[in-house]
Each structure stands twice: as C-alpha cells, then as structure tokens.
Amino acid sequence: MKISKNRNTINFSTADLLRLNDRAQEATKEIYVMTNVVVNELIKDLRSNIGCLYKLAECVSMLDMLHSFAKSCTLSSYVQRE
C-alpha cells in the first residue's frame, strides 16, 4: 500500500489500483486514436461532397426565407402594391 500526504489530504493506493489506472489510461488513448481515424475518414468523405452540401445549405436558407415571408403575410394584412 502506498500512502502520500498533500497539505490536508492523505491518498492511499495499491498495486491493483495503479494497474487498473494504467489500463484505463491505455484504453483512453486507444479510444482517442480510433476517434481520430473515424473523424479523419469522415472529413475525407465530406470534402468530396462539399459542393453539394454548400448548395443544399443555400437552398434551405432560401426556403426558410420564403416560409418566413409567407407566414408574415398570413399573420399581417400585407398586400402587394400595384
């Protein structure tokens, strides 16, 4: 058993806890590596379709604007000038 004192605290640790802590840290590192691989593949796939995604965002924003105009006209008494 390892005992350490810091100002107002006392920490106790065992060899089993240290070994489990090392395993948890290694698992965390592996998860970070796997996440990095998945994110890089996703970015690579998205780059080839970035033009389509940009056009889609443009169309959605236009549709949102037209919807807002239509809703505003139905709620208020707006008319088109002749």
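Taken over region 50-66, the criterion of being at pLDDT 95 or above and of a type in the set (A, V, I, L, M) is satisfied by Leu56, Ala57, Val60, Met62, Leu63, Met65, Leu66. Scanning region 31-82 for residues that are of a type in the set (D, E, K, R), assigned to a helix (DSSP H, G or I) and over 19 Å from the mean Cα position of the chain (by Cα) turns up Lys55, Glu58, Asp64, Lys71.
Of the residues making up region 11-34, just one is closer than 19 Å to Met1 by Cα, acidic (Asp, Glu) and surrounded by 10 or more Cβ atoms within 10 Å (Cβ to Cβ), namely Asp22.
The values are calculated or read from the model by the stated rules, or taken from the named source; none is laboratory data. None of the values given here were measured: they were computed from a predicted structure. Every residue, glycine as well, gets a Cβ built from its backbone with ideal geometry; the counts of neighbours run over all protein chains shown.
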